[in-house]
Amino acid sequence: MYADSALSLVAPLCVIILVFITKRVVLSLFVGILVAGFMIGFHTQVNTMESISYSLKYVAKSITSVFYDTNDSSINISSFYLFGFLFILGIITQIISHSGGISAFVKWARNKVKTARSSEFLAFIAGIVIFIDDYFNALTVGQLTKSLNDANNSTRERLAYIIDSTSAPICILMPISSWGAYTLGTMAKLDENLGFFTLLSSVWGNYYAWFALLAVFLTIYWQVNLPTMQRNKNVGVSDFLNTNQKASSNILLLIIPIVSLILFVGFLILYTGYLASNSVNIINMLANTNTNFSLFWGGFSALLVSLVISWRHLDTQSFLPIFKMGIASMIPASLILVFAWSIGPIIQEDLQTGTYLAHLAKQWLEANSLNVHVAIPLVTFLISGFIAFCTGTSWGTFAIMLPIGFVIANTNNVEFSLVMSAVLSGAVYGDHASPISDTTILSATGAGCSVQSHFITQLPYVSLTALIAFISFGIASSMHSLIAGYIVGIILMLGIFWWFKGRYSANVVSQSV
């Protein structure tokens, strides 16, 4: 509808600007949906009243489509599974807290993990180990580490940044993950010769993902605390160090539920993939897995385990309040997710923002007599980043930009693996930087801070990392050397973060709430 018009940018830019101005993500998303609805209504209808009526119905349909598909009159069970998992996770957290599991874990860990740096490194390592899926990574790592981070006076915003900038990069760098499987599926539609080894070769050129992990490492090691991170500490946090100090507490009351969650969900991810693909090949299983189903039933199984082991540590009267508090703690994130999922298809399919930007890049490259070997990776990186930033989805950006990058690379005799790396890098950056990205929302949820404060505090870190990745792509494509790109990029990363260390390094002091 707006694939050939800059008007396709109006709704997503409206959301992003409003987030900065109002600091209210739900309001900004809803206004964005309204703006898009009226744009579509007045574009398709002639009569003013009919346009208004159509627009309002379109907005209502877009929001309800998260749960109910009106086209084929079916319930979107996948959405219910994910929201159910969020509520289950909230309940498990409350059970662990009220049974004394969190306080026992903090008491035990304080003897071994005594600083903000060491507790943040624990979150970083956990994020790398749990690489199979970004949703699972973001939510599980937060539940595992936030109480220890609280105890060591690290802030929830720092934890959210660590989670977000570890989960997606490690998933895209690991071919054996849900991200790797999805990317392989997208590539297979382009050319049957593009397979696992093409994906593997793109890993080495994925500068943003590698530098994002390095940035997290340096941020923790040198305790870099940029001004936005200093100004936003535990915003909206109500459960800071909210632990039940029971004398009979046992660390197993935390460890067993978390381990159960990892094992149950991990098993179901592979098992549902096996049922769908009838293959024991792990890539085929991950490509066909039912992630949301696995999260819900794996979470439900872990909830049952949590109830069984915590039963004698809880008062009978406390079960109803625990369930209420657990569900209530996840309602804000669920509400934001509903609106983010509502506006996503509008931006992608109806306004066709990504298509417009992709065609714009293609036309610009064809019209300008530049060194295509240098320009193509740089332009595809920038456009992929902007598409993901506006749409809030890296996977959607992969689907849009990989085919275009493939055609452009073949037409101009440019190595596709580097162009592919640029697309994947740009998409992950845009996803990180976007306030409407589901991984941004879930990382904030896992860490237990507000989405607004996570978005604002993470933006300088990831944008600086993206700038250095952009420079590295320029070096690599002009010198035909990935190693040269890494040498320049790593020197820049170390130099800039060393300067930050002297200027912005300080003990992270928690805000009392």
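The values are calculated or read from the model by the stated rules, or taken from the named source; none is laboratory data. Not measured: the values here are computed from a predicted model. Every residue, glycine among them, receives a Cβ derived from its backbone with ideal geometry; neighbour counts consider all protein chains shown. Just so you know, the surface numbers come from the protein's heavy atoms only, side chains and all, with ligands and any DNA or RNA stripped out. Shrake-Rupley method; radii C 1.70, N 1.55, O 1.52, S 1.80 Å.
In table form, for the structure just shown:
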quantity: Rounded tilt (10° steps) of 416-433 against the dominant C-alpha axis of the chain; calculated: 50 degrees
quantity: Dipole magnitude (debye, nearest 20) for the chain, charges at Cβ of Lys, Arg, Asp, Glu; calculated: 1820 debye
quantity: Sum of -39500 (n - 2.57) over DSSP H runs of 4+, divided by residues of the chain (222 nm, nearest 500); calculated: -25000 deg cm²/dmol
quantity: Gain in span if fully extended, T70 to W204, counting 0.36 nm per residue against the direct Cα distance; calculated: 43.9 nm
quantity: C-alpha center-to-center spacing [region 1-42, region 432-455] in angstrom; calculated: 19 Å
quantity: Nonlocal Lys pairs with alpha-carbon distance under 17 Å, the chain (8 or more apart, or different chains); calculated: 6
quantity: Label point distance in nm, S481-W311, each placed 7 Å from Cα along Cα→Cβ; calculated: 6.7 nm
quantity: Carbon plus sulfur fraction of accessible area for region 1-133, probe 1.4 Å, in percent; calculated: 67 percent
quantity: Cα gyration tensor, region 305-451 - rounded (a/c under 1.5), prolate or oblate; calculated: prolate
quantity: Calculated FRET value between R110 and E349, using beta carbons and R₀ = 35 Å, to 0.05; calculated: 0.10
quantity: Region 1-151, relative contact order [Cα under 8 Å, separation at least 6], %; calculated: 11 percent
quantity: Nearest-ten-degree value, helix 48-64 long axis tilted from longest Cα axis of the chain; calculated: 50 degrees
quantity: Selection from A138, M401, H359 lying farthest towards where the dipole of the chain points positive, charges on Cβ; calculated: A138
quantity: For region 378-430 versus region 55-117, the gap between their alpha-carbon centres in whole angstrom; calculated: 31 Å
quantity: 10 Å binning of all Cα-Cα separations within region 29-155, expressed as whole percents from 0 upward; calculated: 11, 24, 22, 16, 16, 8, 2, 0
quantity: Per residue value of the accessible surface for the chain (all protein chains in place, 1.4 Å probe), Å²; calculated: 40 Å²
quantity: Alpha-carbon centroid distance for the pair region 272-297 / region 456-487, whole angstrom; calculated: 34 Å
quantity: The chain: relative contact order as a whole-number percent, Cα under 8 Å and 6+ apart; calculated: 24 percent
quantity: Theoretical FRET efficiency, 1/(1+(r/R0)^6), r = Cβ-Cβ of V280 and I21, R0 35 Å, to 0.05; calculated: 0.10
quantity: Tilt relative to the chain, helix 116-129 - C-alpha long axis, 0 to 90 degrees, to 10; calculated: 60 degrees
quantity: Projected-area average for the chain over all orientations - Cα convex hull basis, square nanometres; calculated: 25.1 nm²
quantity: Fraction of accessible area attributable to carbon and sulfur, region 375-432 (%, probe 1.4 Å); calculated: 65 percent
quantity: For the chain, with +1 on Lys and Arg beta carbons and -1 on Asp and Glu, the positive-most of P12, W498, S342 along the dipole; calculated: W498
quantity: Mean separation of Cα contacts under 8 Å (6+ apart) over length of region 391-513, as relative contact order %; calculated: 18 percent
quantity: Inter-probe distance in nm under a simple model that places probes 7 Å from Cα toward Cβ, at I52 and H359; calculated: 3.2 nm
